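These notes concern the structure reproduced below.
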Amino acid sequence: DGLMRIAVLEPSDTFYLSQQDNLRLIRMPDAWDITTGGAIPIAVVDTGIDLDHPDLREKIWSNAGEIPSNGIDDDGNGYIDDVQGWDFLHADALPQDDHGHGSHVSGIAAADTDNAVGIAGISWGADLMALKAMDNQGFGTWSDISQAILYAADNGAKVINLSIGGEDASQTVENAIDYARNQGCLVAAAVGNSGGAVLFPARLPDVLAVAATDDNDLPWSFSNRGPEVDLSAPGVGIFSANALNSYTVLSGTSMSTAHVSGLASLVWSMNSSLSPDQVVGILNGTAEDVWSPGFDTLTGWGRIDAFAAVNSFNPEYIFFPSVYRSVREVLFTVYIPYLQTNAPTR
């Protein structure tokens, strides 16, 4: 006789139990049984990343073309000694987080996982490109943000996480996002936390706009809404890293966006030849309806389902995202309502 176990990967991180609500909700442990991700870089355009954090320091992207601290732009990209990313506020090579928001977002997406320390990140293998464009109060300029987006696109990022937003649009930022998309980047942005209209740049057509669901798997009441919403993800009471070598709980669509960015990196690790649109199609097509059937303005195509997304690559699971979405939309908006109103009587 032999000993069997359930086929669910449980990481050794000490605070993993504190993440059970959000990670189990999106079936993250089941997804990890299929893949834990590869080195698909995620650029975090935010307040920086705590470069010394025990759960983040080993995940910081390293610019292989740059020699540290020699005062020379070795790779000719216009930035001197940018080994760990760049601080666009202070124009230096130390994108250290002095707020906490950037570290929290980074921990959700790709914390060092199964290392018997702290928390588990969604994509275990992803690198985190630290691009500081926001100050210690959480504010930044569109000019710095656009430069950070361009840097990410030019230096190998595949996913660009924008857990930021504003009411006013910026043509400069829109141009930078267009450039990043042409370079093969997926750009995900938070829709906002006021319950109002979707913020810029999330409302742009080529940006994956992410709303928040709560711990009851329902639309979060403070999450912004509108026809621009593409997806939703857990965003309430999320436990992750801070900028003090420790951990904290935060809520917001910023946290939801980090879930989506981590999952996008995980999906890309299954097939690196996918286009950004194909990755988006998989995320949208495998999302779980948690509000009204089909598309809605609160959750978009639904709340992300990590297992369904990575399992869509199973050869036994025939999956065509655009067809799936169309069939599901017809089923829930036409056929089922027809049956409900035309059901035969007994």
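Within segment 66-117, the only residue that satisfies the criterion of being among the hydroxyl-bearing types (Ser, Thr, Tyr) and open to solvent by 50 Å² or more (accessible area, probe 1.4 Å) is Ser69.
Which condition breaks for Leu17 when tested against (1) open to solvent by 50 Å² or more (accessible area, probe 1.4 Å); (2) among the hydrophobic types (A, V, I, L, M, F, W, C); (3) modelled with pLDDT of 95 or more? Single failed check for Leu17: (3). Only residues that are touching a residue at least 24 places away in the same chain (Cβ under 8 Å) and part of a helix (DSSP H, G or I) were counted across segment 141-172, and they come to 14. Within segment 29-45, residues that are within 12 Å of Asn161 (Cβ to Cβ) have Cβ atoms under 9 Å from residues that are charged (D, E, K, R) and assigned to a loop (DSSP other than H, G, I, E, B) in these pairs: Pro41/Asp127; Pro41/Lys158; Ile42/Asp127; Ile42/Lys158; Ala43/Lys158, counting only partners at least 6 apart in sequence or on another chain.
Within segment 240-255, the residues that satisfy the criterion of being closer than 16 Å to Asp21 by Cβ and either open to solvent by 20 Å² or more (accessible area, probe 1.4 Å) or in a loop (DSSP other than H, G, I, E, B) (or both) are Tyr247, Thr248, Val249, Leu250, Ser251, Gly252.
Within segment 120-136, the set of residues being of a type outside the set (S, T, N, Q) and either under 17 Å from the mean Cα position of the chain (by Cα) or part of a strand (DSSP E or B) (or both) comprises Ala120, Gly121, Ile122, Trp124, Gly125, Ala126, Asp127, Leu128, Met129, Ala130, Leu131, Lys132. Note on segment 288-305: among residues that are over 17 Å from Ala190 (Cα atoms) and in a loop (DSSP other than H, G, I, E, B), the one that is most open to solvent (accessible area, probe 1.4 Å) is Trp291. Selection over segment 88-140 of residues that are at positive phi and in contact (Cβ under 8 Å) with a residue 60 or more places away in the chain gives a count of 5. Output the residue which, of all residues in segment 215-227 that are touching a strand residue (DSSP E or B) at 6+ places or on another chain (Cβ under 8 Å) and not in a strand (DSSP E or B), is surrounded by the most Cβ atoms within 10 Å (Cβ to Cβ). Ranking the qualifying residues of segment 215-227, first place goes to Ser223. Residues in segment 152-177 that are under 21 Å from Ser103 (Cα atoms) and either crowded, with 24+ Cβ neighbours inside 10 Å or modelled with pLDDT under 95 (or both): 9 in all. Residue-level check: of (1) part of a helix (DSSP H, G or I); (2) under 25 Å from Asp46 (Cβ atoms); (3) over 15 Å from the mean Cα position of the chain (by Cα), Gln278 misses just (2). Taking the stated definitions as given, is Ile34 in a loop (DSSP other than H, G, I, E, B), open to solvent by 60 Å² or more (accessible area, probe 1.4 Å), touching a Phe, Trp or Tyr at 6+ places or on another chain (Cβ under 9 Å) and among the aliphatic types (A, V, I, L, M)? For Ile34, the condition - in a loop (DSSP other than H, G, I, E, B), open to solvent by 60 Å² or more (accessible area, probe 1.4 Å), touching a Phe, Trp or Tyr at 6+ places or on another chain (Cβ under 9 Å) and among the aliphatic types (A, V, I, L, M) - is met.
The values are calculated or read from the model by the stated rules, or taken from the named source; none is laboratory data. If you're wondering where the values come from, they're calculated on a predicted model, not measured in any experiment. Heads up, the Cβs are rebuilt from the backbone with ideal geometry, glycines too, and the neighbour counts pull from every protein chain shown. Areas reflect the complete protein model, heavy atoms only, side chains present, ligands, DNA and RNA absent. Shrake-Rupley method; radii C 1.70, N 1.55, O 1.52, S 1.80 Å.
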